[in-house]
1. Counting pairwise Cα distances across the stretch 78-151, what percent come out greater than 17 angstrom?
2. State the three equivalent ellipsoid semi-axes of the chain, derived from the C-alpha gyration tensor as the square roots of 5 times its eigenvalues, in descending order and whole Å.
3. Can you tell me which of Thr140, Thr26, Thr165 moves the most in a GNM of the chain? Springs connect C-alpha atoms under 10 Å apart.
4. Taking only the Cα atoms of the stretch 44-168, how large is their convex hull per residue, in Å³?
5. With each label point set 7 Å from Cα along the Cα-Cβ vector, what nm distance links Glu47 and Gln16?
6. Charges at C-beta only: +1 for Lys and Arg, -1 for Asp and Glu. How large is the resulting dipole of the chain about its Cα centre, in Debye rounded to 20?
7. By what distance, in whole Å, do the Cα atoms of the stretch 137-226 stretch along each of the three principal axes, largest value first?
8. With the Cα gyration tensor of the stretch 33-111 in hand, give its eigenvalues times 5 under a square root as the equivalent ellipsoid semi-axes, listed largest first in whole angstrom.
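A short reminder: the numbers here are calculations on the coordinates, not readings from a lab. What you see is a predicted model; the values in this text were computed from it and never measured. Using ideal geometry, Cβ is built from the backbone for each residue, glycine included, and neighbour counts are taken over all protein chains shown.
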Amino acid sequence: MRTLKHTGGLFQRLHQKTVGTPPELTSLRPEAVPPELLPRVRRTWQERAQSEFRSIQILTRFLTEVVGSGDPLEVYAGAVEAVEDEVRHTALCAAVCEALGAPVLLPEPLPLLDPEGFLKAPMPERALATALTMLCINETLSVGYIEDLRARCTQPGLRAVLDTTLADEGEHGDYGWAYADVSLQRFPASTRKDWRHLVAQTLAPHQEQARRALADVPQALRVLEAHPEPELSHWGILGPVRQALVFERTFQERVAPRLRKLELLG
């Protein structure tokens, strides 16, 4: 697989001006991680770096979509900021991987491969689809996961990484929900069923993952207090059961109410 590369000079200066310098990670060393956990910790942060890189690609595409839709001038700054934030998050996850002695892997395949039908759709339709799937649903769920980890993470460097990420992600969600609310007014009421279908498709993998994780967990143990996971949260990791429970809580408290307000929850 291809790895993320670095460069210097003017590019490095512009990078630091835009995204800042990663927090101090000298306390994060491979030998500090329990040997039985090290592969999992490395893999988790590698996957996060790949996910954040994909987010750069998706939100860069979103910027072209809102501009291509002729959206009001004030909309563009939020899209630009979202791209900058995802570059910062990629840099943060990359720094963690490097501190752990793990290569920073790029996603495979590297190009963002969108369905032909999506690429042929009008720009306003594409922009709303991206806002709903990426900014509204996925970013709101991501905030729930990061908040849960940040509250329990005791590794100073990783907690600083989570702090920085969380400060950005919350605004992405608010921007996305505001954009979706206004953008939906472009489309006739008869299209609501199509947007509800897109929402259902976006939620399905999250719901299925949670269902599998909780399948053998007794109802009495389906509470966060039963899964404190201090040995995982120290390294910025969520176990599958706790992640499923955080998903359910975030969906019920934050995602579902806003989808209902937009008449997008079937």
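1. Pairs farther apart than 17 Å: 65 percent.
2. Each semi-axis is the square root of five times an eigenvalue, giving 31, 25, 15 Å.
3. In this elastic network of the chain, the residue with the biggest mean-square fluctuation among Thr140, Thr26, Thr165 is Thr26.
4. Spread over its residues, the Cα hull of the stretch 44-168 gives 98 Å³ apiece.
5. Computed distance between label sites Glu47 and Gln16 equals 3.4 nm.
6. The calculation lands at about 380 debye.
7. Over the stretch 137-226, Cα extents along the principal axes are 49, 35, 17 Å.
8. After diagonalising the Cα gyration tensor, the semi-axes are 32, 12, 7 Å.
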